[in-house]
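What follows is a set of notes on a single structure, which appears directly below.
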Amino acid sequence: MQTIIRSTNILINGEFTSADIVIQGDIITAVSPYKSIDVAIDLGDRRIVPGFVDLHGDAIEKELEPRPGAKFPTKMAVIELDKKLSMAGVTTMYHAIGFNDEELSKGRGTEQSRELIEEIYEANKSHLGVDNRIHTRFEITSESSLETIKELITKNKVDMLSIMDHSPGQGQFKTLESWKKYHLSAYTIEDEDVAQYLEKKLSKDKVGIVEDLVAFGIEHNIPVLSHDDDCEDKLNTLKALGVTFSEFPLSIEVAKKAKSMGICTGMGAPNVVRGGSQSGNIAAKELIKEQVCDYLCSDYHPASLLMSPYRLKEDVNLPLEKGFAMISSTPAKLANLKDRGEIKEGKLADIVVIDESHFPKVVLTFKDGEVVYNGIRGFKI
């Protein structure tokens, strides 16, 4: 089946221009001059961009347990989030699934996370609307998770791997007080349990575990990321191991150092939309102003991806085409997804149509040439 869509506002080769897009099956077969084809679906001046490529999003956790203790079936959560992703313009999603057997909420235990990955993997092969991939997050004190993660990597069920350390005194939690403020408000736990947890966590040797898993991931051609980098020493160590991404660097200085070392950097789109970090760390727009942030991810809020280019244009005068590149072409390239991220002949027909008449909103999402979300009344292909 051939579909032709037209607009005066299509992101092609880094700029918005008028064109006709020809879709045959799941591929863009031509990007033709505007109105050069007799019959096309004319979308007027609606903005058309590549489908969003989200390298890190843990919204599945809230889909599984929207309130503490209110848990929903995994199959249902995966399907419902897939629908929300298509409505948000996300056509390639890397679900950030944590492995941490000591996690206070018990929501990232090895077996629970393995089952979630298995469900996403099988559902993605058979019936989900967008491309749902796996970004495994390993908490470096959860040694009991190692064999399971390696098994999933060996079976090609993991597409990306990140190394996390949420111990107090470094990273996201610079002080014990900041660690307690976050965790005691998020979880129902006793001070005695916290003390036992911290004693166990801080006493573990982490270096050998990290070296082993990073090497295993690289051996299996999986991009390996670090998380919440806060100092040059940490970057030096991780670079030596082969880490190529720095997620959520905690200062401009660290982000600049990462870039100078050839490490790409990413921040959360919610940070951009809200104007700052929810945990009090560096504002993403400050890194973007200094040109030391390569891409944006949804983190915990998929809808923020769409709004982030508009906020960046308003806050730091970043052209919209560059803002949209940060959520489509750039993350696709960094993840070595050569078949998507651009509206270009030969690429997958992953396309998002945006209506800006009242407030920017996704009104059409194509995945592999098929409409997976339609929010235009009366519109039919």
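The values are calculated or read from the model by the stated rules, or taken from the named source; none is laboratory data. Keep in mind that this is a model prediction, so the values were computed, not measured. Cβ sites come from the backbone with ideal geometry, for glycine too, and all protein chains shown count toward neighbours. Note: areas computed on protein heavy atoms with side chains; ligands, DNA, RNA excluded. Shrake-Rupley method; radii C 1.70, N 1.55, O 1.52, S 1.80 Å.
A few comments on the model shown:
- Whichever residue in region 36-70 is open to solvent by 60 Å² or more (accessible area, probe 1.4 Å) and not acidic (Asp, Glu) and, among such residues, is nearest to Lys333 (Cα to Cα): Arg46
- Given (1) within 21 Å of Tyr295 (Cβ to Cβ); (2) at pLDDT 95 or above; (3) not hydrophobic (A, V, I, L, M, F, W, C), index of the condition Gly171 fails: (2)
- Residue, surrounded by the fewest Cβ atoms within 10 Å (Cβ to Cβ), within region 87-107, restricted to residues that are modelled with pLDDT under 95 and either aromatic (Phe, Trp, Tyr) or farther than 15 Å from Ala77 by Cβ (or both): Lys106
- Among the residues of region 123-136, some residue qualifies, meaning at least one is part of a helix (DSSP H, G or I) and touching a strand residue (DSSP E or B) at 6+ places or on another chain (Cβ under 9 Å).
- The set of residues from region 5-41 being over 13 Å from Ile351 (Cα atoms), acidic (Asp, Glu) and under 28 Å from the mean Cα position of the chain (by Cα) comprises just one member, Glu15.
- Scope region 46-94; condition within 24 Å of His358 (Cβ to Cβ) and either touching a helix residue (DSSP H, G or I) at 6+ places or on another chain (Cβ under 7 Å) or of a type in the set (A, V, I, L, M, F, W, C) (or both); matching residues: Ile48, Val49, Pro50, Phe52, Leu85, Met87, Ala88, Gly89, Val90
- Inter-residue pairs, beta-carbon under 9 Å, first on the phi > 0 side of the Ramachandran plot and in region 36-63, second assigned to a strand (DSSP E or B) and open to solvent by 30 Å² or more (accessible area, probe 1.4 Å), 6+ apart: Gly44/Thr8
- Strands (runs of 3 or more DSSP E) wholly inside region 26-88 containing at least 1 residues that are among the aromatic types (Phe, Trp, Tyr): 52-57
- Scope region 139-157; condition open to solvent by 10 Å² or more (accessible area, probe 1.4 Å) and among the hydrophobic types (A, V, I, L, M, F, W, C); matching residues: Ile140, Leu146
- Among the residues of region 278-295, those identified as crowded, with 18+ Cβ neighbours inside 10 Å and over 15 Å from Glu314 (Cα atoms) are Asn281, Ile282, Leu287, Val292, Cys293, Asp294, Tyr295.
- The number of residues in region 223-261 that are among the aromatic types (Phe, Trp, Tyr) and open to solvent by 10 Å² or more (accessible area, probe 1.4 Å) comes to 1.
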